[in-house]
């Protein structure tokens, strides 16, 4: 992404500027979490919503008519021109639009493709001597990683493969035993 | 046939406008008060023990949301 003030280029995943006047600068980063309205409102009563009022007729037609017709909600869609803006080839280990969870901890990055985790399943792995639990919700595509001992969450990103592999080119990819 | 030129910083920098429209929220409202589908996917961030939600499909359109919470600037990317 490019900022409007200095027109420096920033990596949206790491928060670091890599080109332009701000190259070398880094923003503080916070993990974000995924939920659904039902889950969030049943657990937390005071969550505030930022609601975009943007009304774009083209977007409305695309979302309401073309996305369902073309089946894009299930397999994902990125405008073709987008991939031409990437400054490195896409890692071929997985299909580029694969959806999954990337976890970054102990100087290691690992990608968990959504298809490898069944709804309601929890994967347990040892990272740096600590157990990490990766759980997929029963009723949605939300996946979350949590340290077993503390309940804290490591840095994680629900991301498509092309983006995560671009930022963490040497990341490991989780595979089930039958793969 | 015209050969495909790689995207460079200089090329991007020369453009006057940006391709995406960032979401710049000025205010928030209680999630519980907004009529949304119970299965609506949300992105949640926490700040000073308060939780803030964005609708995921809106972020998929904007890609970036930026604003200010308790005097601190934030940027959410998706």
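Values as computed for the structure displayed
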read-out: Count of segment A:117-144 residues which are surrounded by fewer than 20 Cβ atoms within 10 Å (Cβ to Cβ) and not in a loop (DSSP other than H, G, I, E, B); value: 11
read-out: Total residues in segment A:96-116, condition crowded, with 17+ Cβ neighbours inside 10 Å and part of a loop (DSSP other than H, G, I, E, B); value: 2
read-out: Residue check for residue A:52: in a loop (DSSP other than H, G, I, E, B) and surrounded by 15 or more Cβ atoms within 10 Å (Cβ to Cβ); value: yes
read-out: Meets criteria (part of a loop (DSSP other than H, G, I, E, B), touching a helix residue (DSSP H, G or I) at 6+ places or on another chain (Cβ under 6 Å) and farther than 22 Å from residue A:11 by Cβ) for residue A:176; value: yes
read-out: In segment B:34-49, the residues that are out of contact with any strand residue (DSSP E or B) (no Cβ under 6 Å at 6 or more places or on another chain) and more than 7 Å from chain A (Cβ to nearest Cβ); value: B:35, B:46, B:48, B:49
read-out: Some residue of segment B:3-17 being modelled with pLDDT of 90 or more and either on the phi < 0 side of the Ramachandran plot or crowded, with 17+ Cβ neighbours inside 10 Å (or both); value: no
read-out: Hits in segment A:8-38 (condition: more than 19 Å from the chain's Cα centre (by Cα), part of a loop (DSSP other than H, G, I, E, B) and surrounded by fewer than 17 Cβ atoms within 10 Å (Cβ to Cβ)); value: A:21, A:23, A:24, A:25
read-out: Members of segment B:50-78 that are within 7 Å of chain A (Cβ to nearest Cβ) and not in a strand (DSSP E or B); value: B:58, B:61, B:62
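The values are calculated or read from the model by the stated rules, or taken from the named source; none is laboratory data. Nothing here was measured: the structure is a model prediction, and the numbers come from that model. FYI the Cβ positions are ideal-geometry reconstructions off the backbone, even for glycines, and counts take in every protein chain you see.
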